[in-house]
Amino acid sequence: MLQKITIAAFIIAFVSCQKKETVEKDKIKLADWLIGNWENKSPDGILTENWEKLNDSTFNASSYFIKGKDTLHFETIVLAQKGETLTYFATVKGQNEEKAAAFPSTAESDKQLVFENAKHDYPQKITYTKGANNTLTAEISGKLNGKPSSEKFVMTKK
């Protein structure tokens with residue numbers, strides 16, 4: 001009897017661990033549609049985001065805005081899942097002593113990812129939405145100088 005209980009406990013523990021491993025990787029899998037090179041051309045310049053998968057729990061990206069020959073904005077992004085938490089880490093050149101700002105996810109689906117950090121100066125919210133015809137909309141929003149503000153960037157996959 002003790003042997004049967006021990007075997008049953010082992011099987012339950014093994015299955016539980018397997019399920020947890022699957023759950024841990026599920027959220028990052030929802031973001032697979034980010035992978036690739038995205039671009040937005042406007043009269044103000046060209047915004048580019050290049051996303052790649054590093055491993056089963058981490059993606060990284062570079063995002064830059066170029067006007068003519070000048071790089072006006074450059075940031076690196078790491079999207080990482082630890083346990084059941086998916087977090088967007090943004091490091092902007094020339095800001096925050098080159099340290100990453102963390103934005104934990106507040107919603108994930110196969111069409112939209114939402115990340116928020118109420119303590120960040122601006123933005124406090126970052127949203128990626130998968131659109132039709134190989135498009136992606138990146139939106140940053142929150143309070144800027146005490147006033148509500150938001151910016152949307154519709155990018156096309158290259």
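When the residues of segment 92-128 are filtered to those that are open to solvent by 30 Å² or more (accessible area, probe 1.4 Å) and part of a strand (DSSP E or B), which remaining residue is nearest to Leu34 (Cα to Cα)? In this case the residue turns out to be Gln112. If you go through segment 28-60 and pick out every residue that is touching a residue at least 12 places away in the same chain (Cβ under 8 Å), of a type in the set (Gly, Ala, Ser) and surrounded by fewer than 20 Cβ atoms within 10 Å (Cβ to Cβ), you end up with 3. Against the list (1) in contact with an Asp or Glu (Cβ under 6 Å, 6 or more places away or on another chain); (2) surrounded by fewer than 13 Cβ atoms within 10 Å (Cβ to Cβ), the condition Ile140 fails is (2).
Scanning segment 74-87 for residues that are surrounded by 16 or more Cβ atoms within 10 Å (Cβ to Cβ) and over 11 Å from Ile28 (Cα atoms) returns Glu75, Thr76, Ile77, Val78. For segment 99-149, the tally of residues that are of a type in the set (Gly, Ala, Ser) and over 16 Å from Leu86 (Cβ atoms) stands at 8.
The values are calculated or read from the model by the stated rules, or taken from the named source; none is laboratory data. Given the structure is predicted, the values throughout are model-derived calculations rather than measurements. Neighbour counts run over all protein chains shown; Cβ positions are idealised from the backbone, glycine included. For the accessible areas, the whole protein counts, side chains as well, though only heavy atoms, and no ligand, DNA or RNA atoms are used. Shrake-Rupley method; radii C 1.70, N 1.55, O 1.52, S 1.80 Å.
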